[in-house]
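Report on the following structure.
The values are calculated or read from the model by the stated rules, or taken from the named source; none is laboratory data. Bear in mind the structure is a predicted one, so any value in this text is a computation, not a measurement. Glycine gets a Cβ as well: all are built from the backbone with ideal geometry, and neighbour counts include every protein chain shown. Accessible surface areas use protein heavy atoms only, side chains included; no ligands, DNA or RNA. Shrake-Rupley method; radii C 1.70, N 1.55, O 1.52, S 1.80 Å.
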Amino acid sequence: LTQAQTDIDVGPAICPLDVFPNADGAGYYRFSLEPKDLAQVRAGLRTLSTREKIAYASSLRSAFSRATTPMKDVVVAVAPLAGDLDPAIAEEPMGYMTQAREWLFATPLRENVERYGRRLYAPVARRLGWDARRDEDDETRTLRASVLGFLATTGRDPAVRAEARKRGLAYLGVGKDGAIHPEAVDANLAGVALGVVGEEADRARGDALK
């Protein structure tokens, strides 16, 4: 590109055209797409590299912030990213779900957001589990904390919250010696576990938590 706006004639020979607007995520810019073009890129997400997925997600955030792509289109476009192995990519839908839940405070629609969040991330949580493996990389540990934290707070997943509560109480030594047992919870998940305990605490347990 040599000027602010350019039309490029691709000719009929290579149509239908399947284009990702920032190949290898190498360009220092963001893009927005018409709904049909966005749907086409979404359908081919598995063929994109990690850099391209990051460029895709970043461009969607920008398009949403500038109101050129509405929430309903963005949520559909980022949904497949939830299952990615890279935390920077898999976390993308979380922000939109959390924001939507806050917008819909005290309305019945809030439960729809929570259910949708669980539908996206419950399979990821089952895959990751609560306990880290010895040969696990840092990205997996980071992703586990993000996913379980999201399900405990935004998704309000009953099973995740129950497990977090159990581990948080073990951390606090509740029902045992009342001493702190940090070994009861993976360090990356302590915030999730204690957060759930704190949300549900009575005065005595709140004092113990403090």
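Among all residues of the stretch 79-102, there is none that is exposed (fewer than 13 other Cβ atoms within 10 Å of the Cβ), outside any helix (DSSP H, G or I) and not charged (D, E, K, R). In the stretch 82-93, the residues that are of a type outside the set (A, V, I, L, M, F, W, C) reach residues that are open to solvent by 50 Å² or more (accessible area, probe 1.4 Å) with C-beta atoms within less than 6 angstrom, at least six apart or across chains, in these pairs: D86/T50; P87/E139; P87/T142.
When A132 is tested against the conditions (1) touching a Lys or Arg at 6+ places or on another chain (Cβ under 7 Å); (2) modelled with pLDDT of 95 or more, the lone failure is (2). Selection of the stretch 107-143 for residues being open to solvent by 100 Å² or more (accessible area, probe 1.4 Å) and in a helix (DSSP H, G or I) yields E111, R115, R119, R126, R127, D138. Of all the residues in the stretch 186-210, those that are outside any helix (DSSP H, G or I), among the acidic types (D, E) and surrounded by fewer than 16 Cβ atoms within 10 Å (Cβ to Cβ) number 2.
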